[in-house]
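Below you'll find the structure, written out as structure tokens, and then a few comments.
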Amino acid sequence: QKEVEQNSGPLSVPEGAIASLNCTYSDRGSQSFFWYRQYSGKSPELIMSIYSNGDKEDGRFTAQLNKASQYVSLLIRDSQPSDSATYLCAVSRPGYSTLTFGKGTMLLVSP
Amino acid sequence: NAGVTQTPKFQVLKTGQSMTLQCAQDMNHNSMYWYRQDPGMGLRLIYYSASEGTTDKGEVPNGYNVSRLNKREFSLRLESAAPSQTSVYFCASSTATSNYYNEQFFGPGTRLTVL
């Protein structure tokens, strides 16, 4: 059973701080990793994709991948109240058209 | 581009009624997916279509059927709705041509209540 694990939270951070969201996965064959943001009552929105070990930065977001340790993380710098949402981690492996999603971590950014 | 569209946005059914949820994408994507999302359960894959003309079961297919009408459209049918099918349903699409860059894009969702 392929699993993707996330702490359900909520993770509470003050405005301007760095929020660190973590995800571990069980399938060593996973090669593609994604972070989705989901606001309450809305659909998931893709915010980051990462395929190679190391860091990938996009604006205030940095995705970090460590395949040897089977974890992927998302850092949000200068957190804003508008970042308050549930963040979903998803993984995929070659040969499969589907993603395996974690249950998500709720992030709360207080003004 | 509208991306992924779903109809209807909301629906209330009585137990035993049938309905079809419609999904369309204008991104020329090969693969399409139906998920349901319930509190505490996360996103669960119901059915998917890796390419036009093919469909496969996901994690929770019981009680559902799908049709890949053409490359753009993928519908989900509930033949005899049950209260356990009360959920939010999301359609998604992806290029998935190499199965590597499998970025999925979601529609706005359908909120279904079965009484």
- Which value, in Å² rounded to 10, gives the accessible area of B:Arg72 with a 1.4 Å probe and all protein chains present? 120
- In what order, largest first, do A:Ser73, B:Ser51 sit by accessible area if the probe radius is 1.4 Å? B:Ser51, A:Ser73
- the range B:1-45: C-alpha gyration tensor shape, a/c 1.5 cut-off, then a/b vs b/c: oblate
- Percent carbon-and-sulfur accessible area, the range B:1-98, ignoring ligands, DNA and RNA, probe 1.4 Å: 48
- Centre separation in Å (Cα based) which lies between the range A:87-111 and the range B:62-90: 23
- Note on the structure: With all protein chains present, chain A has a carbon and sulfur share of its accessible area (1.4 Å probe) in percent of 46
- Task: Keeping all protein chains in position, work out how much accessible area A:Ile50 exposes to a 1.4 Å probe, and write it in Å² to the nearest 10.
- Result: 10
- Task: Would you work out the relative contact order for chain B, in percent, from Cα pairs under 8 angstrom that are 6 or more residues apart?
- Result: 35
- Put B:Glu103, A:Glu15 in order of accessible area, largest first, 1.4 Å probe: what do you get? A:Glu15, B:Glu103
- Task: Determine which aspartates and glutamates satisfy two conditions relative to B:Lys14: a Cα distance under 15 Å, and not lying fewer than 8 residues away in the same chain.
- Result: B:Glu79
- Message: Only four residue types carry charge here, +1 at the Cβ of Lys and Arg and -1 at the Cβ of Asp and Glu. Report the dipole size of the protein assembly as shown about the Cα centre in Debye, rounded to the nearest 20.
- Response: 460
- Task: Ignoring ligands, DNA and RNA and using a 1.4 Å probe, state the total buried accessible area between B and A in Å², rounded to the nearest 100.
- Result: 1800
- Per the C-alpha gyration tensor (a ≥ b ≥ c, the square roots of its eigenvalues), chain B is rounded if a/c is under 1.5, else prolate if a/b beats b/c, else oblate; here it's prolate
- Item | Approximate shape of the range A:12-95 as ellipsoid semi-axes (Cα gyration tensor, √5λ), whole Å, largest first | 23, 14, 10
- Would you mind checking the pairs A:Lys2/B:Lys9; B:Lys9/B:Lys71; A:Lys42/B:Lys71; A:Lys2/A:Lys42 and listing those with alpha carbons more than 30 angstrom apart? A:Lys2/B:Lys9
- For the protein assembly as shown, with every protein chain kept in place, what is the accessible area per residue (1.4 Å probe, Å²)? 46
- Query: Which whole-Hz ³J(HN,Hα) couplings does the range B:30-35 yield from phi under the Karplus relation 6.51 cos²θ - 1.76 cosθ + 1.60, θ = phi - 60°, glycine and proline marked x?
  - Reply: 7, 10, 9, 9, 10, 10
- Message: Between B:Ser80 and B:Gln22, how high is the FRET efficiency from 1/(1 + (r/R0)^6) when r is the Cβ-Cβ distance and R₀ = 25 Å? Nearest 0.05.
- Response: 0.85
- Under 5 Å from the placed amide H of B:Leu69, counting only residues 5+ away or on other chains, we find B:Phe74, B:Ser75
- Query: Each label point is 7 Å from the Cα along the Cα-to-Cβ direction; what then is the distance between the points at A:Glu57 and B:Thr5, in nm?
  - Reply: 4.0
- Note down the relative contact order for chain A as a percent, whole number, built from C-alpha pairs under 8 angstrom at least six residues apart. 38
- Message: Straight-line reach only, C-alpha to C-alpha below 17 angstrom: list the lysines that A:Lys56 could link to, leaving out same-chain residues fewer than 8 apart.
- Response: A:Lys67
- Message: If you count only protein heavy atoms and use a 1.4 Å probe, how large is the accessible surface of A:Lys2, to the nearest 10 Å²?
- Response: 90
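The values are calculated or read from the model by the stated rules, or taken from the named source; none is laboratory data. Computed from a predicted model, the values in this text were never measured in an experiment. Virtual Cβ from ideal backbone geometry, glycine too; neighbours counted across all protein chains shown. Surface accessibility is based on the protein's heavy atoms, side chains included, excluding ligands, DNA and RNA. Shrake-Rupley method; radii C 1.70, N 1.55, O 1.52, S 1.80 Å.
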